[in-house]
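No value in this document is a laboratory result; all are computed from the given coordinates. These figures come from a predicted structure and were not determined experimentally. All Cβ positions, even for glycine, are placed from backbone atoms using ideal geometry, and neighbour counts span all protein chains on display.
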Amino acid sequence: MATRRKAERNDVIEPPLTRRVFLGRVLGVSGLAAGLAGGGYLVYSDRPMRQSLVELKKFKDFRVAADPLRPVMAVARGARTEAMAREAVEKLGGMARFVGRGDRVLLKPNVGWDRQPEQGANTGPELVGAVVKMCREAGAKEVWVTDVSLNDPRRCFARSGIGQAVEEAGGKVRLAGREDFVETDMGGEVLKAWPVARFFHEADKVINLPIVKHHSLCACTLAMKNWYGVIGGQRNRLHQSIHRSIVDLAAAVRPTLTVMDATRILKRNGPTGGNLEDVAVGETVIASLDEVALDSFCLGFLDLTPDRVPFLAMAEARGLGRVAWRELNVVESRVG
Amino acid sequence: MMFGLRGVRRVYGVFFFALFVFFLLVTDFSHLQGYEVGLFLQWDPLTALSAFFTSHTLYAGLVFSLVVLIPTLFMGRFFCSWICPLGNLNQFLGHLFNRDRPSDEYEKNRYRPLYRIKYYLLIILIIFAGFGVLQIGLLDPIALVYRSWIVSILPALEHGVFHGGVLVGFLFAALLLANRFLPRFWCRTLCPLGALLGFFSQWSLWRIRRDVDKCVGCGKCLYGCQGAADPDGRVRHTECFVCLNCIESCGEGALHYGLARPRSSVGAPLDAGRRRVAESIAVGLLAVPMLKGSVSARSVAAAEVIRPPGSLPEVDFLARCIKCGLCMRVCPTRVLQPALLEAGLEGLWTPLLMNRIGYCEHHCVLCGQVCPTAAIRPISIQEKVGVKPFPDPVRLGTAFFDRGRCLPWAMDVPCIVCEEVCPTTPKAIWYETVEVMGREKRKVALKRPFVQPDLCIGCGICENKCPVSGLAAIRVSSVGETRSRENRMLL
């Protein structure tokens with residue numbers, strides 16, 4: 001058998017090893033070796049992992065310049081949400097004061113739960129739609145609406161009616177997926193680096209659209225508490241120090257404008273609600289440039305006083321606004 | 001018999017095998033003298049290459065792999081029969097097992113297409129690594145031989161216990177027994193390191209060459225051919241282990257190792273097959289997302305996945321751990337145990353702390369010192385216990401009481417062993433003294449223990465020493481571990 005194999009394939013010989021061939025081979029293999037050694041030298045490290053350059057983002061300050069001639073807060077009462085929203089914002093100088101041509105505006109309603117509008121657990125779709133419209137009229141290039149919901153965000157945006165209201169008004173719902181969070185320096189007392197939905201870093205203006213709700217741990221969910229929805233990660237840990245966390249969040253995100261939906265008031269069983277008997281009619285929309293004053297004002301809807309809500313005084317101490325809203329320039333009006 | 005080339009090679013083989021065993025024996029708490037016990041793992045080019053793909057660095061001692069890889073470019077796969085402890089073990093056993101007639105022996109040493117499999121395995125494992133999934137440790141011969149000795153062979157001799165050790169031992173025995181059917185079955189068929197070295201040896205200058213005029217075609221050279229490299233035909237130098245047996249077997253002096261001479265036969269190229277290579281690439285590419293999509297400690301923090309002190313965050317840890325088991329070997333309390341499926345499929349045989357077997361010794365950092373790839377960073381004792389300039393100790397997790405099983409809490413029986421052994425200062429476990437009226441209506445003074453979570457380092461000594469056997473009344477979960485930013489409970 002061996003002889004047969006030999007006859008078949010054994011006798012092909014190498015071409016003569018001339019100097020040229022030999023040198024060529026030696027150079028080739030040496031080049032490979034040098035490449036390996038050089039590559040090894042280049043990637044050598046006494047650290048186990050390549051240090052990734054994760055730069056910590058910081059929030060922009062989204063506020064516009066103060067105008068002492070205009071009120072800080074405008075309360076509009078009535079029956080039609082859009083009219084109230086327009087009235088309240090108009091009193092502060094109109095949307096054109098806050099949104100410029102070509103701006104990308106990000107709206108942050110409270111869309112925490114898979115609940116219907118009537119249940120008062122989310123910002124009303126009427127207000128969100130109205131504000132999208134107002135931004136578009138003021139020349140906003142894009143109006144994005146986002147929230148980091150607690151229930152499935154797609155269900156929340158659908159059931160709350162906000163998804164539809166935003167689309168109809170010419171805005172766009174942006175839901176943050178796993179990849180959409182960027183590490184952000186919150187610079188707070190308890191909140192240091194946290195993942196934040198990237199839309200907040202991509203927007204020119206941010207408008208807070210909270211709702212008035214009862215909350216079992218911190219008494220109420222209002223404007224400052226609404227910033228829970230900017231961060232991802234394990235934010236359920238914030239409850240261990242909820243008042244300081246709320247103040248840290250409010251200090252980190254300074255919005256252009258806040259428009260509070262007080263048309264429906266969830267008075268009990270917050271922040272989820274679910275029972276229409278827990279929802280009271282508020283017939284009010286408030287636009288404000290001072291979140292502390294706004295939250296303080298809204299305590300009235302929930303039969304609370306500032307001494308029952310520690311984060312208000314803490315926020316004032318941090319210079320975020322005034323608890324005593326009556327001492328500020330606040331206007332109230334009634335529409336329709 | 002003359003002490004020829006074969007003798008020289010055997011001396012090398014025995015030396016390196018002895019070195020391997022020596023490193024294993026001294027990688028033990030009682031023998032530690034600062035030996036470079038990870039040397040074999042560090043000069044393994046496959047470890048270095050795949051860890052480079054997952055971490056984009058060539059970490060510290062892994063640079064020694066170039067000492068093997070670069071000579072391979074010139075001289076072929078000498079590592080396989082001169083250095084590799086698993087290769088030499090296989091060779092020895094194959095020699096021992098095979099007592100066939102010489103004609104059968106020749107047939108067993110002929111090249112078979114089966115031997116291509118190793119290249120496909122290598123391709124799949126390298127693709128995994130390219131996408132951050134380091135599974136090379138499953139089949140890398142050095143990691144495999146270390147792991148097998150550490151968690152199954154040595155414990156059998158030393159009466160140690162290891163989690164699932166018999167499985168590792170069984171697989172190791174199976175691959176050794178395979179030599180019974182084909183000599184060096186593992187090396188020829190499955191070894192991905194062999195495949196890598198084979199790939200890099202295809203341009204070697206020095207190789208086995210056969211003089212076609214002197215060769216009479218008797219086939220004696222096949223008798224001792226370890227690599228099944230067809231020395232009687234077109235020599236497959238990508239399969240050749242450079243054992244040089246063929247030179248000694250040849251009665252005609254037709255074979256030599258070196259540069260081509262005027263009548264040298266041509267060699268055969270690497271035999272892998274383009275279509276099969278493409279298939280292997282496809283398999284690798286499809287398997288990566290499936291592996292990542294399978295729940296593991298990488299995607300969902302698991303309470304029982306408690307990693308050694310200094311371990312990188314889970315994603316990076318999995319990108320560096322080659323499952324060699326050196327950390328388990330050096331651990332003085334044997335708390336480090338090979339995972340089965342606790343950390344997901346990807347985490348098979350990676351080290352976990354199992355606190356019923358041992359606990360993490362407060363002033364011990366040995367696991368990080370021996371880890372060849374720094375999946376466990378080499379940390380100092382100062383860093384571990386949190387002495388200046390380190391602000392915090394390295395936490396492995398947090399201990400939780402199970403008040404339904406705790407003697408003072410559930411049965412009004414004094415105990416407080418956990419508090420006694422807690423190594424932190426101040427102690428993370430503290431107690432409240434209470435007086436209770438038991439069933440007999442006699443006053444019992446009890447100390448009821450609590451954990452202060454921000455002081456607990458998760459060392460597990462409380463769980464280890466808890467007198468409630470089986471499920472302890474205080475148990476460590478991974479939550480609060482320093483290495484993870486997500487696996488936390490406190491703000």
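Annotations for the structure displayed:
- A convex hull fitted around the alpha carbon atoms of the protein assembly as shown yields 218 Å³ per residue.
- Equivalent ellipsoid, segment B:5-258 (semi-axes from 5 times Cα gyration tensor eigenvalues, Å): 31, 21, 17
- Simple rule: put +1 on each Lys or Arg Cβ and -1 on each Asp or Glu Cβ in the protein assembly as shown, find the dipole, and look at B:S265, A:F62, B:I127; the Cα lying farthest toward the positive end is B:S265.
- Percent of C-alpha pairs per 5 Å bin, segment B:314-477, short to long: 2, 9, 15, 18, 17, 14, 10, 6, 4, 3, 1, 1, 0
- Inter-part distance, segment B:394-467 to segment B:258-306, computed on C-alpha centroids, equals 51 Å.
- Over segment A:40-177: Rg over Rh, Cα atoms, Kirkwood Rh: 1.16
- Charging the Cβ of each Asp and Glu at -1 and of each Lys and Arg at +1, and nothing else, the dipole of segment B:314-477 about its Cα centre rounds to 380 debye.
- Orientation-averaged projection of segment A:239-336 equals 7.4 nm² [convex hull of Cα atoms, one quarter of hull surface area].
- For segment B:1-92, the alpha-carbon radius of gyration amounts to 1.22 times the rule-of-thumb value 2.2 N^0.38 Å expected for a compact globular protein.
- One compactness figure for segment B:184-261 is 1.06, namely its Cα radius of gyration divided by 2.2 N^0.38 Å.
- Ratio of Rg to Rh for segment A:73-335: 0.92 [Cα atoms; Kirkwood radius as inverse mean 1/r over pairs].
- Using bins of 5 Å that start at zero, the share of Cα-Cα pairs per bin across segment A:101-254 amounts to 2, 10, 19, 23, 21, 15, 7, 2, 0, in whole %.
- In terms of its Cα atoms, segment B:267-373 spans 55, 38, 20 Å along the principal axes, sorted from long to short.
- Only helices enter this figure: runs of n ≥ 4 DSSP H residues, each worth -39500 (n - 2.57), summed and divided by the residues of chain A, yield -9500 deg cm²/dmol at 222 nm to the nearest 500.
- Taking each of B:K323/B:K427; A:K108/A:K192; A:K192/A:K213 in turn, the alpha-carbon distance tops 31 angstrom for B:K323/B:K427.
- Selection from A:V281, A:G39, B:G480, by position along the positive dipole direction of the protein assembly as shown (Cβ): A:G39
- Of the residues A:G120, A:A313, A:G139, the one whose Cα sits farthest towards the positive end of the charge dipole of segment A:73-335 is A:G139 (charges of +1 on Lys and Arg Cβ, -1 on Asp and Glu Cβ, taken about the Cα centre).
- Convex hull volume of chain B per residue (C-alpha atoms, cubic angstrom): 157 Å³
- Treating each Cα of segment B:211-320 as one equal point scatterer and applying the Debye formula with no solvent, the log10 of I(q)/I(0) at q = 0.22 Å⁻¹ comes out as -1.14.
- Under 12 Å of direct C-alpha separation, and excluding same-chain neighbours fewer than eight residues apart, A:K60 reaches these aspartates and glutamates: A:D185, A:E202, A:D204.
- The alpha-carbon of B:K292 sits under 16 angstrom from the alpha-carbons of these aspartates and glutamates, leaving out residues fewer than 8 places away in its chain: A:E179, B:E314, B:D316, B:E342, B:E346.
- Rg to Rh, two decimals, where segment B:238-280 supplies the alpha carbon set and Rh follows Kirkwood: 1.13
- Magnitude of the charge dipole, chain B, Cβ model with Lys/Arg +1 and Asp/Glu -1, debye to 20: 760 debye
- Cα centre as origin, Lys/Arg/Asp/Glu Cβ charges: segment B:5-258 dipole, Debye: 580 debye
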